[in-house]
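The values are calculated or read from the model by the stated rules, or taken from the named source; none is laboratory data. Just so you know, these numbers come straight off a predicted model, no measurement behind them. As a convention, Cβ positions derive from the backbone with ideal geometry for all residues, glycine included, and neighbour counts pool all protein chains shown. Ligands, DNA and RNA are stripped out before the accessible areas are found, and what is left, the full protein with its side chains, is counted by its heavy atoms. Shrake-Rupley method; radii C 1.70, N 1.55, O 1.52, S 1.80 Å.
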Amino acid sequence: MHDPITSLITKLSTEHRLSAEGYAQLLTTEDPAVQDALITAAVAVRKAQFGNGIFLRGLIELTNYCKNNCYYCGIRRDNKDVMRYRMSHQAVLDCCQMGAELGFRTFVLQGGEDPYWNDARLCALITDIKARFPQCAVTVSLGERSEESYRALRDAGADRYLLRHETADSQHYAMLHPPEMSLANRMRCLRTLKSLGYQTGCGMMVGSPYQTIEHLVKDLQWIEALQPETVGIGPFLPHHATPFAAFPAGSAAMTLRLLSIVRLMLPTVLLPATTALGTLLPDGLEQGILAGANVIMPNLTPNTERCNYQLYDGKCTAAKDTLSVLRDRTLRFAAIGYETVHQRGDAPSFLKP
Ligand code: SAH
């Protein structure tokens, strides 16, 4: 257990950072003993910080209209095969009502970049949610907006914002997005969100087209520098009606390894076992939790809309009602020694003493 790679795990656990070379070694080692040691260390940190609790976030996909044209995403502007929808203000409130009754204490308002959801409409929605469910946190995940907009949403009561950086290498970013989008703007948004006092989430897709180990190392270094409260890490999954339809899915093993590394880098981070991981592997959510994740994001979007929010193939699971999904998850997590908890699940540094 004293070989150089295992000592990298000790170093990451104690100093919470590694050299680029160190990250690259941890990401590429094929030694199963190292993999086991990494997971064991990550789970120990996760348990020390959060016990065996798993926080719930209720995901509400409020629109699939999008003005952007990201090459990987199934709701990109140029995909004409999608039935576009927008939930109404009231439909979102009804969704929150149902979620609150089931014990959700965080709602995540996610969607495409839909100009309909301007600041006035969104602020009115956030204000209403916070007035009716004062015990609940509101997370927004609606892409890149201006500083004024982020400030207005925050003033209306938004607590958190999720905006994955997708890749921290600008050339790679340009291979995943059309020319009107840039990594520089994405990072400006993330820094602005942090400075406005949002609990901020960044993150990347694993195994996206053209991704190299060097890109993943840059992702880890960017996460280390930003110190986000949440990191969303999921495998890339192809969507049939995008330019990336023919690319293979990202690796589950690499996704799990990154979850463990991020857990050691940021011990108190809120780390979702993502829907994409749960789509790639039948027990992906459990495996994510067993690699150091501590959050799941069950879908509260009404069944009528859900299948049209198809970011990648295989995402749609409309069959069951939320209560039975929750029961099923609770049982599955209990079987591996974890428990879903009905708390807001704020980042520890944001909890009032
Ligand atoms: N418009 C919002 C929400 C995007 S959807 C925003 O820009 O933040 C949320 C996340 O889904 C994206 O950030 C992306 O990382 C992920 N995603 C999109 N398409 C995907 C695909 N084909 N495979 C895996 N993840 C995908």
Among MET204, MET83, MET265, determine the one that fluctuates most according to a GNM of the chain built with springs between C-alpha atoms less than 10 Å apart.
MET83
Expressed as an acute angle from 0 to 90° and rounded to the nearest 10, what is the orientation of the C-alpha long axis of helix 183-195 relative to the principal long axis of the chain?
80
Computed [θ] at 222 nm, helices only, for the chain once each DSSP H run of length n ≥ 4 contributes -39500 (n - 2.57):
-13500 deg cm²/dmol
Where in the stretch 283-306 does the label zone of GLN97 land, with the point 7 angstrom along Cα→C-beta and an amide N cut-off under 15 Å?
302
Selected from CYS73, CYS96, PRO115, residue furthest toward positive end of dipole (the stretch 52-170; charges at beta carbon)
CYS96
Rounded to two decimal places and with Rh computed the Kirkwood way over Cα pairs, what is Rg over Rh for the chain?
0.94
With +1 at each Lys and Arg Cβ and -1 at each Asp and Glu Cβ, the charge dipole magnitude of the stretch 55-336 around its Cα centre, to the nearest 20 debye, comes out at 240
Between ASP321 and ASP3, Cβ-based FRET efficiency (R0 45 Å, step 0.05) works out to 0.35
Could you do me a favour and compute the accessible area per residue for the chain, 1.4 Å probe, result in Å²?
40
In the stretch 55-336, if the dipole is taken from +1 on Lys/Arg beta carbons and -1 on Asp/Glu beta carbons about the Cα centre, which of GLY278, GLN310, ASN185 is farthest to the positive end?
GLY278
Which of PRO248, PRO32, PRO178 moves the most in a Gaussian network model of the chain with Cα springs under 10 Å?
PRO32
Where N is the number of residues in the stretch 307-350, Cα Rg divided by 2.2 N^0.38 Å:
1.56
Count of Lys pairs (Cα-Cα under 23 Å; at least 8 positions apart or interchain) in the stretch 55-336
5
Express the carbon and sulfur contribution to the solvent-accessible surface of the chain as a percent, rounded to the nearest whole number, probe 1.4 angstrom.
55
For the stretch 106-252, what are Rg and Dmax over the alpha carbons, in angstrom?
16.0, 46
For peptides 301-312, 18-29, sequence by mean Cβ density within 10 Å, most packed first:
301-312, 18-29
